[in-house]
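Engineer: I am attaching a structure below and will ask some questions about it afterwards.
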């Protein structure tokens, strides 16, 4: 097993010329055109002016945590059939679309305006995990073919420098940033890693496909190391999104400023600690990030889940702000008008109710770290 990430020099090498990016953008445009042409041809055949929308849901429309044998049941097979019908010609899936109901002719592939496949909210990676389970249970070739088509979309979506956008084909604006928000990068790297290992339910992944995955996985981990931020104490955490060329922390929505993202950094670290034989660079990255969490935990305070206020509570478990300001590490909060505050109570009630401004997720990551550091001490 190769050390991770031994390929950092590949990322830093001056091999990413304009032609690499030109080929990438051309690939994106071709996939988008194929998706749109498919819909337009279907609408023309039906004599329909605009596509109808499929059923919407907050997540996927069914419990995605099912045992492998569930995919042999009638219900399981119906769900997989619906998932197959909602896979775009380019190979991906939507978010907020009910994946338990099959797509009908004349329907869009997702509920969002100007929809294209996305990795946001665990979309596409979740459907691929489901297909892996379904194929392991049934051996149906259609499941494997759909899985491979979706995996090829993920590989095609990787930027020449190793990062992944939120959506692919590209749709513009903040969706094109290299995205860690909502675990996009972690979800993709985790899926690629499991496919590389060819362990259940990914035993069917061919040696040829694993050969294609390996260098892109390594390039992705190398980019993660490159994107880790620094402050006066050394390496810290990661931002939620980065400009794809400048690799600088970038804005997403008006209340999602360039800042350290504590929850997404924690889940990314959970994944990184699973990699065997971590390189010295990767070990230093993990140790430094964990020290950041220890320095900046908020003690004796509680974020009230319904009142949406920060209250003093002696003995409360540690929490962290969703965002920490670059450089100063101060908790920072945003609003729909782009305003930034250091006091969460200055944020409008709508945004306090509609966004998670504090998290306790890093506590579990720190607990896992205590075991990891015994194997890889500083």
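The values are calculated or read from the model by the stated rules, or taken from the named source; none is laboratory data. Just so it is clear, the structure is predicted and the values come from calculations on it, not from any experiment. In this analysis, Cβ positions are derived from the backbone assuming ideal geometry, glycine residues included, and neighbour counts consider all displayed protein chains.
Engineer: In contact with a strand residue (DSSP E or B) (Cβ under 7 Å, 6 or more places away or on another chain) and either assigned to a helix (DSSP H, G or I) or free of Cβ contacts under 8 Å to residues at least 24 places away in the same chain (or both): does that describe residue 265?
Structural biologist: Judged against the criteria, residue 265 is not a match.
Engineer: Also, quick follow-up: Search the stretch 91-117 for residues that are closer than 15 Å to residue 57 by Cα and pair each with any residue that is assigned to a strand (DSSP E or B) when their beta-carbon atoms are under 6 Å apart and the residues are at least 6 apart or on different chains.
Structural biologist: 95/118; 96/56; 110/97; 111/56; 111/97
Engineer: Mind checking whether some residue in the stretch 227-240 is crowded, with 22+ Cβ neighbours inside 10 Å, touching a residue at least 60 places away in the same chain (Cβ under 8 Å) and assigned to a strand (DSSP E or B)?
Structural biologist: Yes.
Engineer: Residues being touching a helix residue (DSSP H, G or I) at 6+ places or on another chain (Cβ under 8 Å), within 26 Å of residue 175 (Cβ to Cβ) and surrounded by 18 or more Cβ atoms within 10 Å (Cβ to Cβ): count how many of those fall in the stretch 63-83.
Structural biologist: 1
Engineer: Also, I was wondering about something else. Considering only residues that are exposed (fewer than 15 other Cβ atoms within 10 Å of the Cβ) and under 22 Å from the mean Cα position of the chain (by Cα), which ones fall in the stretch 351-378?
Structural biologist: 354, 356, 364 - these are the residues of the stretch 351-378 that are exposed (fewer than 15 other Cβ atoms within 10 Å of the Cβ) and under 22 Å from the mean Cα position of the chain (by Cα).
Engineer: While we're here: Can you pull out every residue in the stretch 150-176 that is over 24 Å from residue 34 (Cβ atoms) and outside any helix (DSSP H, G or I)?
Structural biologist: Correct list: 161, 162.
Engineer: Let me ask something else. Taking the stretch 138-152 as the region of interest, how many residues are touching a helix residue (DSSP H, G or I) at 6+ places or on another chain (Cβ under 8 Å) and in contact (Cβ under 8 Å) with a residue 60 or more places away in the chain?
Structural biologist: 7
Engineer: Does residue 157 satisfy the criteria of being within 28 Å of residue 217 (Cα to Cα), within 17 Å of the chain's Cα centre (by Cα) and either outside the structural domain of residue 78 (by TED's automatic domain parsing) or crowded, with 24+ Cβ neighbours inside 10 Å (or both)?
Structural biologist: In short, yes.
Engineer: Being touching a residue at least 24 places away in the same chain (Cβ under 8 Å), under 20 Å from the mean Cα position of the chain (by Cα) and farther than 22 Å from residue 149 by Cβ narrows it down to one residue among 64, 57; which is it?
Structural biologist: 57
Engineer: Another question, if that's okay. Do you know which residues across the stretch 121-149 are in a helix (DSSP H, G or I) and closer than 20 Å to residue 36 by Cβ?
Structural biologist: 149
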